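Okay, handing you the structure first.
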Amino acid sequence: MSRMRKRDKPWVRDMVMQRVERLFTLAAAEFRLHPGLCNRYALLARRLSMRHRVRLPAEFRRRMCRHCGSYLVHGANTRVRLAGAHVTVTCLECGGRMRYPYR
Ligand SMILES: [Zn+2]
């Protein structure tokens, strides 16, 4: 029998959030010494959220590149520019740009 998608269990979201939070905490601690490891953490976090179809809050989504999945530290491996009603964040790892509405 194939793996069926049952109704999302309420605790799944909590579990994912806890693990994602932990991954980002680890990534933040490692960034200066092991930037490569951070990308691994960011990738794991993204996979987790996709596998369980949990949408991550903006604070986490903005800390990784939408294009290459790199862990982003603003001012370190990003360039942030204001463009009209948007903030454009350029990932300096892959050159990809992400736009966010300006509050
Ligand atoms: Zn990138």
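Bear in mind these aren't lab numbers, they're just calculated from the coordinates by the rules spelled out. Treat the numbers as computed from the prediction; the structure is a model and nothing was measured. Positions of Cβ are generated from backbone atoms using ideal geometry, with glycine treated the same way; all protein chains shown enter the neighbour counts.
Using only the alpha-carbon atoms, how far is helix 10-30 inclined from the longest principal axis of the chain? Give it as 0 to 90 degrees, nearest 10.
The two axes meet at around 40 degrees.
Measuring from label point to label point, each 7 Å out along Cα→Cβ, what is the Leu43 to Glu30 span in nm?
Label at Leu43, label at Glu30, 1.1 nm between them.
Further question: Against the longest principal axis of the chain, how steep is helix 35-51, in degrees 0 to 90 to the nearest 10, with axes from Cα atoms?
Helix 35-51 sits at roughly 40 degrees to that axis.
Continuing with this model, one more query. If you place +1 on the Cβ of every Lys and Arg, -1 on the Cβ of every Asp and Glu, and leave all else neutral, what size is the dipole of the chain about its Cα centre, to the nearest 20 Debye?
That gives the chain a dipole magnitude of about 540 debye.
When the helices in the chain are scored as -39500 (n - 2.57) per DSSP H run of 4 or longer and the sum is shared across all residues, what 222 nm value do you end up with, to the nearest 500 deg cm²/dmol? Intermediate results must be reported in sequence, preceding the final value.
Working: 3 runs with 42 residues, N = 103.
After summing the helix terms and dividing by residue count, I get -13000 deg cm²/dmol.
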